[in-house]
Amino acid sequence: MQNRYNVSDRSSDPVLAACERDGLAFIPWSPLAQGPRDVGTASRRRLEAWADRRGLSLPQAAVAWLLARSPALLPIPGTSNLRHLEAIVAGAASRLSPGEMQEIG
């Protein structure tokens, strides 16, 4: 399954739940929450604050959040720059605690 999904847009939560239930992968479209519909949302601002505290970029934090959100999520951030890709992948090593996930919302 591939739908728009990120920290700012979780309208596909019912689809994600079905994927989790049925053992299917969910590939989030726009996983980095960098589109115009995502800027300024409360959850994005909370994720940015968490990233700042951890010394991470927003793309790194977005990948970490997605991986913590559900084992069914398989983020594939698009990039044409190897250095950028390596930086984003480094975000996968960051772990959010249950309290941090609740704080971000």
Condition (residue is in a helix (DSSP H, G or I) and among the small types (G, A, S)) applied to the range 6-25: is it met by at least one residue? yes
Among residues of the range 19-43 being at pLDDT 90 or above and open to solvent by less than 30 Å² (accessible area, probe 1.4 Å), the residue nearest to the chain's Cα centre (by Cα) is P28
Got a number for residues in the range 6-46 being aromatic (F, W, Y) and under 14 Å from P71 (Cα atoms)? 1
What tally of residues in the range 75-84 results from selecting those that are assigned to a loop (DSSP other than H, G, I, E, B) and open to solvent by 40 Å² or more (accessible area, probe 1.4 Å)? 5
Of all residues in the range 85-105 being hydrophobic (A, V, I, L, M, F, W, C) and over 16 Å from R46 (Cα atoms), which is surrounded by the fewest Cβ atoms within 10 Å (Cβ to Cβ)? A93
Can you say whether A72 is at pLDDT 85 or above, under 20 Å from A25 (Cβ atoms), touching an Asp or Glu at 6+ places or on another chain (Cβ under 7 Å) and crowded, with 18+ Cβ neighbours inside 10 Å, as far as the supplied structure shows? yes
The correct count of residues that are closer than 14 Å to G91 by Cα and either touching a residue at least 40 places away in the same chain (Cβ under 8 Å) or basic (K, R) (or both) in the range 32-54 is 5
Here is a list: L47, L32. Which entry is closer than 10 Å to V7 by Cβ, out of contact with any strand residue (DSSP E or B) (no Cβ under 6 Å at 6 or more places or on another chain), part of a loop (DSSP other than H, G, I, E, B) and not aromatic (F, W, Y)? L32
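The values are calculated or read from the model by the stated rules, or taken from the named source; none is laboratory data. The structure displayed is predicted, hence computed values, not measured ones. Note that we place each Cβ from the backbone using ideal geometry, even for glycine, and neighbour counts take in every protein chain shown. Ligands, DNA and RNA are stripped out before the accessible areas are found, and what is left, the full protein with its side chains, is counted by its heavy atoms. Shrake-Rupley method; radii C 1.70, N 1.55, O 1.52, S 1.80 Å.
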